[in-house]
Amino acid sequence: MRVILLLVVIVALINAALAGYSCPKPCYGNMCCSIAPGNEYYLTDFCGSQSACGPIPSCSDSSYFTADAQRFGCGKHLNICTASKRCIKATIIDSGPAMWVEQNAGRAIIDASPSACKYLFNANSCGWSDHFAITATIASLTDSRPVGPFNVTDEEYAQLFVDHELALLQCEEEKSCNGADL
């Protein structure tokens, strides 16, 4: 009996591990409009193609941009931070990634500029299988930080999440997030 119970537990754990990420709110056929629980994502990078919000991104070392317009809205800013409180402020210029990328990674993804990847993780590229963990929050309209790198204290980091909730309420009220402006 113990062996059967142990096997059931092992099978359940394996199934949970293989289940991966499942988007609660699919949109546009192949993307996810849901904001990740706890604002926790993996970071990937992209550059050099036409974007959903208009501009073709520059791949320079000083460009800080992201995709995920279907979650947060075009032209908004995200504060993206590592566990060590190393952060960047980036402009949302594109939509994506596709849900299959997030499913393969096992977590929602923020697709960002190569310079974001380099600054946050000192890596030349960030792929979904690298599992570079970040938090991403919508910057408040009163956030006066310029686009680019910044560091925060524990108190400032906590405030980013408060500001995110307020900004999210505002954009939902204005219907300017979750892909409303694509």
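The values are calculated or read from the model by the stated rules, or taken from the named source; none is laboratory data. Treat the numbers as computed from the prediction; the structure is a model and nothing was measured. Positions of Cβ are backbone-derived with ideal geometry, glycine not excepted, and every protein chain shown enters the neighbour counts.
Residue by residue through the range 118-153, note down the ones that are farther than 12 Å from Leu43 by Cα, in a loop (DSSP other than H, G, I, E, B) and in contact (Cβ under 8 Å) with a residue 40 or more places away in the chain.
Within the range 118-153, Ala139, Asp143, Arg145, Pro146, Val147, Val152, Thr153 meet the criteria.
Yes/no per residue for (1) in a loop (DSSP other than H, G, I, E, B); (2) aromatic (Phe, Trp, Tyr); (3) at pLDDT 80 or above; (4) within 11 Å of the chain's Cα centre (by Cα):
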residue: Leu5; (1), (2), (3), (4): no, no, no, no
residue: Tyr41; (1), (2), (3), (4): no, yes, yes, yes
residue: Ile56; (1), (2), (3), (4): yes, no, no, no
residue: Ala83; (1), (2), (3), (4): yes, no, yes, no
residue: Lys89; (1), (2), (3), (4): no, no, yes, no
residue: Trp100; (1), (2), (3), (4): no, yes, yes, no
residue: Asn104; (1), (2), (3), (4): no, no, yes, no
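Take Glu102 and tell me if it is over 25 Å from Ser58 (Cβ atoms) and either aliphatic (A, V, I, L, M) or touching a residue at least 60 places away in the same chain (Cβ under 8 Å) (or both).
yes
Does the range 18-31 include one or more residues that are in contact with a Lys or Arg (Cβ under 7 Å, 6 or more places away or on another chain) and under 30 Å from Glu155 (Cβ atoms)?
The answer is no; no qualifying residue exists.
Can we say Gly20 is farther than 19 Å from Ile92 by Cα and modelled with pLDDT under 90?
Criteria met by Gly20.
For the range 59-79, state whether one or more residues are free of Cβ contacts under 8 Å to residues at least 40 places away in the same chain, under 21 Å from Lys25 (Cα atoms), of a type in the set (Val, Ile, Thr) and in a strand (DSSP E or B).
no
Inside the range 58-81, can you point out the residues that are more than 13 Å from the chain's Cα centre (by Cα) and aromatic (Phe, Trp, Tyr)?
Selection gives Tyr64 alone.
Given the conditions (1) under 21 Å from Ser34 (Cα atoms); (2) buried (at least 16 other Cβ atoms within 10 Å of the Cβ); (3) modelled with pLDDT of 95 or more, report the number of the one that Phe161 does not fulfil.
(2)
So Lys175 fits all but one of (1) modelled with pLDDT under 95; (2) of a type in the set (Lys, Arg); (3) surrounded by 15 or more Cβ atoms within 10 Å (Cβ to Cβ); what number is the exception?
Failing condition for Lys175: (3).
Identify all residues within the range 46-71 that are within 18 Å of Val101 (Cα to Cα) and touching a strand residue (DSSP E or B) at 6+ places or on another chain (Cβ under 6 Å); write none if there are none.
Within the range 46-71, Phe46, Thr66, Ala67, Asp68, Ala69, Gln70 meet the criteria.
Determine whether Ser115 is in a helix (DSSP H, G or I), surrounded by 14 or more Cβ atoms within 10 Å (Cβ to Cβ) and of a type in the set (S, T, N, Q).
Answer is yes for this residue.
It is to be established whether one or more residues within the range 63-75 are charged (D, E, K, R), surrounded by 18 or more Cβ atoms within 10 Å (Cβ to Cβ), modelled with pLDDT under 95 and in contact with a helix residue (DSSP H, G or I) (Cβ under 9 Å, 6 or more places away or on another chain).
no
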